[in-house]
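K.L.:
Let me begin by handing over the structure; questions about it come next.
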Amino acid sequence: MRHKNTSYYNILREKAESLIAMQEEDIVLFDQSENAKIFHELTVHQVELEMQNEQLRMAQAELLVAQRNASQFFDRAPVGYLILNSKAQILQSNRTIHEWLNYHAGEFENDKYFVHFIHHEDLIIFNARYQAFFKRPENKRIELRLNRYRLPPLLVELSGRLVKPHVLQANAPEEPYLLVNVVDISSHKQLEDELRLAAKVFENSDEGILITDHQLRIVKVNPAFTAVTGYDADEVIGKSPTILKSYKHSPEFYRQMWNKINREGGWQGEIWNRRKNGDFYLECLSINAINDQFGKVTHFIGIFSDITRRKQTEEQIEIMAHYDALTALPNRVLFNERLKHSIVRATRHKQWVSVLFLDLDRFKTLNDTLGHFIGDLLLQGVAKRLQNCVRESDTVSRFGGDEFMIVLSDFEDEQSVTLHTAEIAQKILSELSKAFDLSGNKFMTTTSVGIAFFPKDGHSVAELMKNADTAMYHAKEQGRNNYQCYSDNMREQALTRSTLENDLRSVLENQELVLYYQPIVNLQTSEIVSFEALIRWRHPKRGLIPPDLFIPIAEETGLIIGIGEWVLHSACQQLKRWHEAGRSNLKMSVNLSARQFMQHDLVEVVKHALNLYALEPQYLELEITETVIMKNMNQTIKMLKGLQHLGVSISLDDFGTGYSSLTYLKQFPVNMLKIDRSFIRDILEMNDDKVIVNSIIAIAQHMGIKIITEGIEHAGQIGYLKNQGCQFGQGYFFAMPCVAEECLFTVENFG
């Protein structure tokens, strides 16, 4: 069309030029009508040309818009675009890849090569694969990392296709170009890694996992599910989780659980389920609802772990932490908590509480003598009897050793708590005084009970326990096998005891101890043959303190070791002086405490004292109580043999007051038995005392052991004992204990 119009235009132009020439030269007369026709044709053609020009301009504008849109699409496409030549030189790139790599457009110009942006570890892959794009036109894909400016490398996927040269420019060379699509797959890869990791976690998790659809049909389980429940995946897929139901929980339990899941999207707690083999197990279960993008529930996921063994361990730890292992009674920790709770409740309701502190009498002797097994059986028996003496709401606790504590609560007034507590205490004394059948043998024991009341005797756990303890010690001082209620007077006595303990620590340094001596007489010849060293304490403020007040304190604190050595040395030194004064026939008797006797170096201590004062060992007699030597039979026999080998005499003091004395007597290498004063006091009136004393004397004579009786206070006792063959005696009838300066005067004037 364009060619046709151009030719017609040229013809008209030629005619117009000829007409103009004819007019100018007046040669030809031109027909006016012909001229008008030609002019009309020119005008029409001119309009047509203008219309075509307008259409051309509109097409050019549309083309410009299309080019601009194409350029924007190229630049703003969600993928990166590169046009490379066979040498991987960047000919063109879009803005997307510029932004990804954090570079400006200009930094991709100036004949940049794409390899400059490839991570060095991925260059080998790229170089090996790049040329393949040009050899084989089908699409190929490469995953590699691109370096970014001041940012971590970006993982991308490259794909490309060949482009003919004239697409880019009109007179381009014949070498083809490569249009490269660059796709950011970093998030894609991360998602794949996360899914792969999630799959590994699912498969390798120690916790059981099951997934159901929205209709609660199981769609997937992991190996841990099988390990816990015993069900394989193919046995549960498509079934309801109720296959695990234990029926240990009420319908209300499950109703509340699903109400919370539907309301909040999840639930967590402990639940009993049942394994395939029928065994019940406790699991910690978490259930969560999974929603789609519209908020509709598509799945439920349950994650659980078998906590049966852990729960059992926790319960065992709880028992170990709060209960006594031997008796299963609450221990000290739990007792304190319960007493504290009782005090709080009593304070709120203006009620009364009583606290009982019990200590078995002479339990340590029985335990050491008969063995810990028998002692443990006795403690278990005591625990059962104590529980039978109180209400279920009361607390019986074992504090350790042979100490027990009881809390009685919920009393409206002082009268009711006093009467009820007295009844309980009396019942306890009665029950515990009955014989215990332990491993086929009958054993007897008693107890001492101390009582304190809230709020009268204290407002705190510590105060009530301390005052009940004080009352218990007062019960022991009153002869044992009784109960005592706390009083302020006991507080004063406890304070006195505490003061004595503090003062006793400096008694040796201050030289406040002194020895008194009481003679031991040969009943057949009425001659003083020995003196027993008796310790006294000359307190600077309290005066002369007898040993029964401070020796127990010294035993408990361990101060008796130093005090005992002082007694031994002082007695040996005094005996040496008497020998030098002409009384070389006299002997000295020294008491050994329980702690002294348990010293591993006791033999060396005695030997050192004898050598220090140049005394012959046969002049020293060591008195040991029967309860002391019964503690550890093997050690006792070894110690006694060591002392006997040294040459000193061993006297068994307080004989007849312990346990099974005659049974074990033949095992102990002793020289003398000292019959306790309790058997001598009423020997002339009490046939039982006569029988006991006569039996002891007869056995001793048969075994070649000498007898000493203590507590002789009148001549009738002497006559009876002499007739029975008793060799030696001691008591106020002969002489009161006196200081060393008076002893020789007593010897000279005796008889």
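Each value in this text was obtained by applying a stated rule to the coordinates, not by laboratory testing. Note that the structure is predicted; figures quoted are calculated from it, not measured. Positions of Cβ are generated from backbone atoms using ideal geometry, with glycine treated the same way; all protein chains shown enter the neighbour counts.
K.L.:
Going by Cα centres, the range 429-475 and the range 287-360 are how many Å apart?
P.N.:
Taking the Cα centre of each part, the range 429-475 and the range 287-360 sit 29 Å apart.
K.L.:
To continue, here is another question. Can you list the aspartates and glutamates whose alpha carbon is less than 14 Å from that of K587, not counting same-chain residues fewer than 8 positions off?
P.N.:
Of all the aspartates and glutamates, those that pass the test against K587 - Cα under 14 Å, at least 8 places apart if same chain - are E527, E532, E616, E621, E623.
K.L.:
A further question follows. Rank by packing, highest mean first: peptides 183-194, 548-559, with packing defined as the count of other Cβ atoms within 10 Å averaged across residues.
P.N.:
My ranking of the peptides, most packed first, is 548-559, 183-194.
K.L.:
Quote the FRET efficiency, to the nearest 0.05, computed for E414 versus V333 with a Förster distance R0 of 25 Å and r equal to the Cβ-Cβ distance.
P.N.:
Calculated transfer efficiency: 0.25.
K.L.:
For helix 186-204, report the angle its Cα long axis makes with the longest principal axis of the Cα atoms of the chain; keep it between 0 and 90° and round to the nearest 10°.
P.N.:
40
K.L.:
Measure nothing fancy, just the Cα-based angle from helix 488-504's long axis to the longest principal axis of the chain, in degrees from 0 to 90, nearest 10.
P.N.:
So the helix axis and the longest Cα principal axis differ by about 90 degrees.
K.L.:
Hey, any idea what Rg/Rh is for the chain, computing Rh the Kirkwood way over Cα pairs?
P.N.:
Rounded to two decimals, Rg/Rh equals 1.46.
K.L.:
Something else now. What aspartates and glutamates sit close enough to K427 to cross-link, taking a C-alpha to C-alpha distance under 17 Å and skipping anything fewer than 8 places away on the same chain?
P.N.:
Partners found: D359, D361, E392, D394.
K.L.:
What whole number of Å gives the distance from the Cα centroid of the range 547-597 to the Cα centroid of the range 178-247?
P.N.:
84
K.L.:
Compute the length gained on full extension between H459 and S86: take 0.36 nm times their separation in residues and subtract their Cα-Cα distance, giving the result in nm to one decimal.
P.N.:
124.6 nm
K.L.:
Go ahead and run the numbers for FRET between E527 and A422, Cβ-Cβ distance against an R0 of 45 Å, rounding to 0.05.
P.N.:
0.25
K.L.:
Right, here's the next one. What is the helix-to-structure angle for 461-477, meaning the angle in degrees between its Cα long axis and the longest Cα principal axis of the chain, kept from 0 to 90 and rounded to the nearest 10?
P.N.:
Taking the Cα atoms of the chain, the angle to 461-477 is about 20 degrees.
K.L.:
Setting aside same-chain residues fewer than 8 positions from K248, which aspartates and glutamates have a Cα under 19 Å from its Cα?
P.N.:
Counting by Cα, and skipping residues close in sequence, K248 has these aspartates and glutamates nearby: E270, D279, E283, D306.
K.L.:
Further, regarding this structure: Let's test the formula: R0 of 22 Å, r as the Cβ-Cβ distance of R196 and H119. What FRET efficiency results, to the nearest 0.05?
P.N.:
E(calc), rounded to 0.05, equals 0.50.
K.L.:
Where in the range 374-397 does the amide nitrogen come within less than 13 Å of the point 7 Å from the Cα of L326, taken along Cα to Cβ?
P.N.:
Hits in the range 374-397 for L326 at 13 Å: 374-384.
K.L.:
So, one more: I want to check the label-to-label distance for L495 and Q635. Put each point 7 Å from Cα in the C-beta direction and report it in nm to one decimal.
P.N.:
3.9
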